[in-house]
Amino acid sequence: MESKIFLNLPVKSLEVTTTFYTRLGFEFNQEYTDEKATCMVVNDMIYVMFLTESYFKSFTKKEIPDTKNMAQCIIALSAASRAEVDRLVDLAFEAGAGAYNETQDLGFMYSRSFSDPDGHLIEIFVMENMA
């Protein structure tokens, strides 16, 4: 069985989030979008559901961490090349992303990172011989 991944993240503003990720070139599935949530398509197997904080809270009894000051997770997305890593991260900074980590060049892996408007940590990387 092939499983699809739906990553659910709380956001303060769907409009700000949608505008930010649209500027990076991502598309949104309108079938799964309303005033409480929007569905960003990473590829045909991975989707990010951005949920308003109040809607997100309806799925959990846990508190939502303040991602401006706390790390909840690091979302790492692979790219096809170093140039693609640089293009996506440069677009993110042009769209208002924050910095959180230095560029890492380990020879076999190259990565750059940013924080989105809600403080979620995003890393874009390319790795040699990745299947």
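Taking the Cα centre of region 65-131 as origin and assigning +1 to Lys and Arg Cβ atoms and -1 to Asp and Glu Cβ atoms, the resulting dipole is close to 60 debye.
Applying the Karplus relation 6.51 cos²θ - 1.76 cosθ + 1.60 with θ = phi - 60° to region 44-52 yields 3J(HN,Hα) values of 6, 10, 10, 9, 10, 9, 8, 10, 4 Hz, where x marks Gly and Pro. If I fit a long axis through the Cα atoms of helix 82-94 and take the longest principal axis of the Cα atoms of the chain, what angle between them do I get, 0 to 90°, rounded to 10? Taking the Cα atoms of the chain, the angle to 82-94 is about 40 degrees. Restricting attention to the chain, the count of lysine pairs at 8 or more positions apart or across chains with alpha carbons under 20 Å apart stands at 9. Each residue of region 115-125 was assigned a 3J(HN,Hα) from its phi angle through the Karplus curve 6.51 cos²θ - 1.76 cosθ + 1.60 (θ = phi - 60°); the sequence is 10, 7, x, 9, x, 5, 8, 10, 10, 10, 9 Hz, with glycine and proline shown as x. For region 66-74, 3J(HN,Hα) computed residue by residue from phi via the Karplus equation (6.51, -1.76, 1.60; θ = phi - 60°) reads 7, 6, 6, 10, 10, 8, 8, 6, 10 Hz, glycine and proline entered as x.
Of all DSSP-defined beta bridges confined to region 34-131, some 75% are antiparallel rather than parallel. Projecting each Cα onto the charge dipole of the chain (Lys/Arg +1, Asp/Glu -1 at the beta carbon, about the Cα centre), which of Ile74, Pro10, Met109 comes out farthest on the positive side? Checked the options; the winner is Pro10. Computed from point charges on the beta carbon alone (+1 for Lys and Arg, -1 for Asp and Glu), the dipole magnitude for region 1-60 about its Cα centre is near 240 Debye. For the residues Ala76, Ala37, Ala97, a GNM of the chain with alpha-carbon springs under 10 Å puts the largest fluctuation on Ala76. Annotation: amide H-H contacts under 5 Å for Lys36 (H modelled 1.01 Å from N, sequence separation of 5 or more, or interchain): none.
Magnitude of the charge dipole for the chain, about its Cα centre and with charges confined to Cβ atoms of Lys, Arg (+1) and Asp, Glu (-1), is about 340 debye. Annotation: amide H-H contacts under 5 Å for Phe28 (H modelled 1.01 Å from N, sequence separation of 5 or more, or interchain): Val41. Residues whose amide H lies under 5 Å from that of Asn8, counting only those 5 or more places away or on a different chain, are Met49; hydrogens are built 1.01 Å from N in the peptide plane.
The angle between the Cα long axis of helix 14-23 and the main principal axis of the chain comes to about 20°, on a 0 to 90 degree scale.
Ordering Ala83, Tyr47, Gly119 by the projection of their Cα atoms onto the charge dipole of the chain, which places +1 on the Cβ of Lys and Arg and -1 on the Cβ of Asp and Glu, puts Gly119 at the extreme positive end. With the helix formula -39500 (n - 2.57) applied to DSSP H stretches of n ≥ 4, the chain reaches a computed 222 nm mean residue ellipticity of -6000 deg cm²/dmol. The GluC sites (Glu not before Pro) of region 15-119 that DSSP puts in a loop, and whose beta carbon has at most 16 other beta carbons within 10 Å, are Glu35, Glu63, Glu102. When the inverse distances between all different Cα atoms of the chain are averaged and flipped, the Kirkwood radius reads 15.5 angstrom.
Just so you know, all these numbers are worked out from the coordinates, no wet-lab data involved. Fair warning: this is a prediction, and the values are worked out from it, not measured in the lab. Here Cβ is always computed from backbone atoms with ideal geometry, including for glycine, and neighbour counts include all displayed protein chains.
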